[in-house]
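Reviewing the structure listed below.
The values are calculated or read from the model by the stated rules, or taken from the named source; none is laboratory data. Quick caveat, the model's predicted, so the values are computed rather than measured. Cβ coordinates were reconstructed from backbone atoms using ideal geometry, including for glycine residues, and neighbour counts include every protein chain displayed. For the accessible areas, the whole protein counts, side chains as well, though only heavy atoms, and no ligand, DNA or RNA atoms are used. Shrake-Rupley method; radii C 1.70, N 1.55, O 1.52, S 1.80 Å.
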Amino acid sequence: MDSDEEEMKALRSSTRYGGAPKRGGGKADDDDEDDEAPPATTTTAGGSSSSTPMVDDPMRGPPPLKSKEEAEDYAAQDPMTQMMGFMSFGKKKESKSIGIEVHNSTLRNKGAVAGAAPEKKGGIQFGRRITDPASLAGASKRAARAQEDSIAAATAAAAAAAAKAAAEEEAEEAAEAAAQQQSSSSSSSKRRPAPREDEDETMVDLVVPLPGQEAEVLPVTHEVAIQAHNKQVTAIGLDPKGVRMVVGCVSGECKYYDFGGMSEEKAAFRSLEPVADHMVQATSFSTTGGMVLVVSSDSSARLFDRDGSAKPIQQTVKGDMYVRDMQHTKGHTQMLTCGVWHPFAQENWLTGSLDGTLRLWDINATPVGMLQQLPSVHVLKCLDKRNVCIGGGAGRSGGLYPSCCAYSPSDAKLIVGGCSDGSVQVFFEKARYMKPDRILRSAHTGLVTDVAFIQKGTQSQLLVTRSMDHTMKVWDTRMLSDAKGPVKTFDNLHCGSEKSGLATSPCGRWIVTGTSPEKAGSGNSTVRVWETEEFKNVSTIDFGKKMPTKFAWPKALNQLIVGSSTGEVTMLYSPYSSKKGAMHFVGKRAKAKADHDLGSAGSGPIFNMTDPEEIKKFYSTGHGNMQRIRRAEARQAQKTMVPVRPPDKNNTQAATSDSMAFAALALKNGAKILNLNNAGQWEQDSQKALLKYANTQGDSLLGKAYETSQPTQILDWSVDESEGDKRMQGRLGGDFCRKCGQKVCRCVDYSVWSQDKKKQRTS
């Protein structure tokens, strides 16, 4: 018994089961296992340290690890070493202390271990979970992974912030580039710089707009020229949908263009002259686009259809020029100067004339006169300084006349007329028009060439006027007076034509007009564009020697159309903000023409299918296949072959084709039927040749065809003379007076009529 107890005591105090280390010796296997375990340093109460292997305590499990290095050393041990002493069976004796400190014999003997945890008495006791070192290692790994995730998140956030900053910087650079491009284009005299050798010409000065800002691009980056006329363009009109365009010129000719059917040839599909030798003053489409108002330099305005028919649908009546008060006549009495269609009403339009009046017309008005022409429904009198309307034509001094006119585009409640004395007269919409409601008497010092409104949304409160005094002015329609003056004045805009116009963009952001050189050959003409917020010049386009005259900026196209003094119409556009119009035919190749036109080869032969010889000829020509005949004739008519000469007096032996042989045969047979001596000779006098057979008895050519079917002619054009007619003819055979019809009269000396026939009686 005693030996067993001693052996158990020694075993429990051994190193394997958490006891004190052996000082002298021990079993060999215990020493070997102790050598395999990594040493651990323990500190005693006296401050001395000892190196002991780190093994599991049988009572508390794995030893407490105070640092990361100890945890790594413990994890590096052999798993079997860690498992030893994990579990002990049998009844456990009470001990005063637990922990790594109990391996110190001094402290164990004293029984004073600081911080010893209380133990449970009796029973089987298990140590700490073996997964604690693994959980500590996993916690460290999770901490490291969390730190890596935080670093990655911070890096991603920094990259996103850098990308956002780069995008904002690129947007700012693009905006600065656009501003520099506009400023450079306005300061330079050339429209586009010369492209480099490795650069496409179409990409020079092309600024790509940001998404959603395409409509803000000024449509002047590209251009296409249409040679409409040979003389100055005086009128440009486009339909509301931007499909067709009518261009008028000084020569009085109007040309119709259909953008959808055009190609690179840029040809007009219709050309007409409304009035011979009268220039076209203005053209304007109706609100539906079905009719075109053409104002020529006579006293009547005409309405044509959109297809360009030569005959007008209707025209206005000419007034009585001898009436002094223009209110009492139904039309203009002198030459028309301007005209425009109502922006909303499809049946009303406005015209101006040298008689000093503006007139409103209605297509539904009752026509008057023998020609059933339209009368005016309202007369608007333009007053001079004496408040008198006498007109400015026919050599009248001191008078004035409206040279241009316009409706307010937003509501059509204002009618503006620019006059020849430089004044601008405004009429408000009312039931009966009398004198102007507002007069800007000192608006300009020269003739007003054009007027237009700036429309922003549903408001059109700004009015722009252009004049021969080389200025352009902007007025506020809410305070029109000479005392308050214009909102903005543009000086030094040389105007070389009474048809110099202007235009405003549909969005109301830009104003455009043209300038001409002050002296002929001294400079180039330009087209200038200003923005309407601060009235700064944003673009200047060089037009060379072509003086810009008329302008149009349709909303449906967003393209700037400029007519020039050379008859050329230039369409400025942008591939980003413009649509339709020039975009339809630019780059569209024209259809290739056929090598030969089947309809121009002449008339084909005619075969008599009752004659066997003619039937043979019919089959020899390919069963009358006209297409095959035309192709054969086209091959024979090519330049490498000698052309066939027609027979004449000096060339009776000329070569003949099948059709010519047939024609000669027909002439020969006809000459035989008509009893002609020689059908091959040409008669110089056709009348003399026909009169030879005027008295031929019977109808030998047509009569034979009806000899059996109609022996008696149903249609007999001969006239049966009555007995009275026969006697009258007999009476008219003698001498009588050709004036009164009497045998003896006193009208003339009748004696001369009978001198040749019989002698007078003497007895």
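Would you please name the chymotrypsin sites (Phe, Trp or Tyr not before Pro) within the range 267-322 that are DSSP coil residues with at most 11 other C-beta atoms within 10 Å of their C-beta?
Answer by residue number: Tyr322.
If you roll a 1.4 angstrom probe over the protein chains with everything in place, what fraction of the accessible area of the range 333-492 belongs to carbon and sulfur, to the nearest %?
Ligands and nucleic acids excluded, carbon and sulfur give 50 percent.
Could you order the peptides 163-174, 351-362, 229-240, 378-389 from most to least packed, using the average number of other C-beta atoms within 10 Å per residue?
Top of the packing list down: 351-362, 229-240, 378-389, 163-174.
Residues of the range 322-429: accessible area per residue at 1.4 Å, in Å²?
41 Å²
Which length gain, in nm to one decimal place, applies between Lys536 and Ala310 when the Cα-Cα distance is subtracted from 0.36 nm times their residue separation?
76.8 nm
Keeping all protein chains in place, calculate the accessible area per residue for the range 461-569 (probe 1.4 angstrom), answer in Å².
That works out to 38 Å² for each residue.
Expressed in nm², what is the orientationally averaged projection area of the convex hull enclosing the Cα positions of the range 232-301?
Quarter of the Cα hull surface area: 4.7 nm².
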